[in-house]
Amino acid sequence: MSKLSYEDKINLYNDYKEGSSINTLSRKYNKRKSGVTYLIKLIDIHGFDVLKTSKNKRYPITFKQDAINRVLLNKEPVWSVSLDIGLSSDGMLQNWIKKYKENGYNIVERKRGRSPTMPKVTKKKENETKDEKIKRLEEENLYLKAELEYSKKLRAVVQARKNQQQKKK
């Protein structure tokens, strides 16, 4: 199923207001009937401004928590809560609820971006106890040992390649 552009969404709504049926619009725009119905209701409630949101909109945790509580605690339908708060689809709220239940009824914000390849070296704290200092130094020591082993292996590989090239000549 393809995503509709801003213009397509406006045309879909205008076609509906001119008398086209949901089934006709569903076939014409290659969308499910429920998606077409949701889009029409969303525009009826919030107007065309709700369609101008950015593609990767991020919602605060409190916003998500309030929406989930309305569904789980107040027993409101997912569809009506999604329409009321202006989500681009009711499936978004269903996904939030699913993740919320999977994570033990905690909202976990998805990390974005690339994860670091090497762990960051922890910085020294001013008021750390002796045990914390020992643990920090042990971790730092392990990191430096691994870094040293890597550079040794890299040096050995480079040296082996040089030796092979010299033998070929």
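Read-outs throughout are calculated quantities, based only on the coordinates presented, and are distinct from any laboratory measurement. Note that the coordinates shown come from a computational prediction; the quantities given were computed from them, not determined experimentally. All Cβ positions, even for glycine, are placed from backbone atoms using ideal geometry, and neighbour counts span all protein chains on display.
Quick look at the numbers
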read-out: Structure-based [θ]222 nm, the chain - -39500 (n - 2.57) summed over DSSP H runs of at least 4, per residue, nearest 500; value: -20500 deg cm²/dmol
read-out: Fewest-first sequence of L72, L148, L4 by Cβ atoms within 10 Å of each Cβ; value: L148, L72, L4
read-out: Rounded if a/c under 1.5, otherwise prolate or oblate - the chain, Cα gyration tensor axes; value: oblate
read-out: Helix axis angle, 33-46 relative to the chain longest principal axis, alpha carbon, degrees; value: 80 degrees
read-out: Sequence of T62, T117, T24 once ranked by neighbouring C-beta atoms within 10 Å, starting from the fewest; value: T117, T62, T24
